[in-house]
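I have placed the structure first, in the form of structure tokens, so that the comments after it can refer back to it.
The values are calculated or read from the model by the stated rules, or taken from the named source; none is laboratory data. Computed from a predicted structure; not experimentally measured. All Cβ positions, even for glycine, are placed from backbone atoms using ideal geometry, and neighbour counts span all protein chains on display. For accessibility, only protein heavy atoms count, side chains too; no ligands or nucleic acids. Shrake-Rupley method; radii C 1.70, N 1.55, O 1.52, S 1.80 Å.
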Amino acid sequence: MSFDVAAIRAQFPLLQRDVGGKPLAYLDNAATTQKPQAVIDALIDFYTQCNANVHRGAHHLSDEATRRYEKSRDIMAQFLNAQHREEVIWTSGTTEAINLVANGVGQLFKAGDEIIVTELEHHANLVTWQQACKRSGATLKICPIFDTGELDIDAFDALLSENTRLVALPHVSNALGTINPIAHISKKAKQKGAWVLVDGAQGIAHGDVDVQEIGCDFYVFSGHKLFGPTGIGVLWGRKELLEIWPVWQTGGEMISDVNYQNATWGDLPNRLEAGTPNIAGVIGLGAAVTWFSALDMKAMQAHEQDLLEYATNCAHKLEGMRIVGTAPNKIGVMSFQLDNAHPADIGFILDKQGVAIRTGDNCAQPLMKRLGLPGTARASFSIYNTRKDIDQLFEALKKAKQMLA
Amino acid sequence: MQLPTSTEIVEDLAFFDDWEQRYQYIIDLGKQIPGLSAEAKTSEKLVKGCQSNVWLDYHLHDAKFQFDVDSDAVIVQGLLVLVLSAYHDKSAHEILDFDMDAYFKALDLERHITPTRGNGLRAIVGKIRQIASVV
Ligand SMILES: Cc1ncc(COP(=O)(O)O)c(C=O)c1O
């Protein structure tokens, strides 16, 4: 089955606009994806038809809002193949989900415990564990990578020990695009009795994530990188673990009984969702997942790989261009350097030609240092991109080369 | 350091009718200034912006500020020349009186001075104004 990109593009109103008179080539999808009409409609519909607070009103609207809100949880649980719907906890995004785990099970860490992260980490999955270690006295271990951007699995094996309490790693590197062997790593970590948290921010929109098949304990991601709204994300966690969790944020919704001196906690998922949630965001994300799940995943992945291959070939033909991150197993992310051109300069000149990319440290300063780079320019592709976008990118890059020469 | 005046720059840039010529002009300005030596690029002189490093050095001569700047991105360096053309060899009073937002608006380069995340240029304007205000 072929993948009808034109039909998909047509569902994204923003992609129809131009930028300063140039057609938009949106190649910053690792930062955030654009939203299909189905998601925009779900948000409008919520605010125009059924806005009310959830779980509390004794009225029709509140019931309806609650039903839609909880329906999204079912949709998400099914999408991730979670065993229980209450394993889906709504957060504001990847960052909050990681902080929730670090302030939850992180409270159980003590001196002598070890946490393993990787050299690939986005700041969200590095600084959060670094600080949790400082609070608890646990030690942070860093799993090295090869220059290609692949994890050094032998080194990982050597770091893993009886003292390892948690392994936290990205499903996919945001800076380099590497797809990590998360199922393999989860299996090894479990054999030592360690928990595994997968930062799925970049993994979720690129293929079928099945949390049971992966075998991790936590999988976290942001809705906005999955065609959904900003300000909403997911912590999926194994029920047994979420239940032993010392609560972190307290307030309305998450309690069972309260008196002036004491309180007891409610059941999952409410127990971990203090306060009024991002109701519209949850409903919008539910719409995004419904929309996304209806696509042919195999065809979608083939399309993305075609874009990556096409772009990589163009890069090899452009003199002075070097791709950073050359793992054989990559999603559609192309970080690169151009001789004698600072990434910021490339970004400015591409922007003038309607091409949107990311430039800088990619929120991974230690990784950039590890690679000996001040930063990179990064083009990242999504399902609605075409070879034409990539042609526009390379035309723009040729111009940048010429102007900066 | 010999710099064009801000008035000259506004006139020069108004003369071009497409972005390419304008950016080429900024790039060429950036390439013209000597920059700082490697030893002078110390961390105290670093004005951190998210997208590129910027260093700023200064001294006073006859109560007028003499600035030296450097950046590892040449367009940023060119933009720094635009900023310095307003501030270089000026008194504290002249510096604090200068309306940088209006100047960048006149240059049609507001995007580079508006407070988006990681904007080193705004940081440098702030730094220079701070230097001028404590003297
Ligand atoms: C790998 C990875 N982890 C974490 C994050 C943080 O996501 P958010 O800012 O949506 O919380 C990102 C986003 O850029 C990411 O790419």
Within segment A:344-358, the residues that are aliphatic (A, V, I, L, M) and not in a strand (DSSP E or B) are A:344, A:346, A:349, A:350, A:357
message: Residue under question is residue A:187, and the condition is that it be more than 16 Å from the ligand (Cβ to nearest atom), in contact with a His (Cβ under 6 Å, 6 or more places away or on another chain), open to solvent by 10 Å² or more (accessible area, probe 1.4 Å) and away from every other protein chain (no Cβ under 14 Å); does it hold?
response: no
Counted residues in segment B:54-68 being in contact (Cβ under 8 Å) with a residue 60 or more places away in the chain, of a type in the set (A, V, I, L, M, F, W, C) and touching a strand residue (DSSP E or B) at 6+ places or on another chain (Cβ under 6 Å) come to 4
Over segment A:77-95, the set of residues open to solvent by less than 50 Å² (accessible area, probe 1.4 Å) and either more than 16 Å from the ligand (Cβ to nearest atom) or not in a helix (DSSP H, G or I) (or both) is A:77, A:79, A:80, A:82, A:86, A:87, A:88, A:89, A:90, A:91, A:93
Assess whether residue B:27 counts as being farther than 17 Å from residue B:128 by Cα, over 12 Å from the mean Cα position of the chain (by Cα) and hydrophobic (A, V, I, L, M, F, W, C).
yes
Checked against (1) more than 16 Å from the ligand (Cβ to nearest atom); (2) in the same structural domain as residue A:197 (by TED's automatic domain parsing); (3) at pLDDT 95 or above, residue A:307 satisfies every condition except (2)
Test: residue A:212 is more than 13 Å from the ligand (Cβ to nearest atom), of a type outside the set (Ser, Thr, Tyr), free of Cβ contacts under 8 Å to residues at least 12 places away in the same chain and away from every other protein chain (no Cβ under 14 Å) | no
Counting only strands (runs of 3 or more DSSP E) wholly inside segment A:230-335, the ones holding at least 1 residues that are open to solvent by 80 Å² or more (accessible area, probe 1.4 Å) are A:255-258, A:263-265, A:321-324
Scanning segment A:96-124 residue by residue, those among the hydrophobic types (A, V, I, L, M, F, W, C), surrounded by fewer than 20 Cβ atoms within 10 Å (Cβ to Cβ) and farther than 15 Å from residue A:244 by Cβ turn out to be A:111
Among strands (runs of 3 or more DSSP E) entirely within segment B:40-103, at least 2 residues that are surrounded by 15 or more Cβ atoms within 10 Å (Cβ to Cβ) occur in B:53-61, B:64-71
Exception for residue A:62 within (1) closer than 23 Å to residue A:47 by Cα; (2) open to solvent by 40 Å² or more (accessible area, probe 1.4 Å) falls at (2)
Note: among A:371, A:367, A:397, just one is crowded, with 24+ Cβ neighbours inside 10 Å, away from chain B (no Cβ under 13 Å) and either more than 18 Å from residue A:308 (Cα to Cα) or among the basic types (Lys, Arg) (or both), namely A:367
Flagged in segment A:374-388 as away from chain B (no Cβ under 13 Å) and open to solvent by 10 Å² or more (accessible area, probe 1.4 Å), in numbering order, are A:386, A:387, A:388
Restricted to segment A:336-364 and to residues being within 15 Å of the ligand (Cβ to nearest atom), farther than 17 Å from residue A:25 by Cβ and open to solvent by 10 Å² or more (accessible area, probe 1.4 Å), the residue farthest from the other protein chains (Cβ to nearest Cβ) is A:363
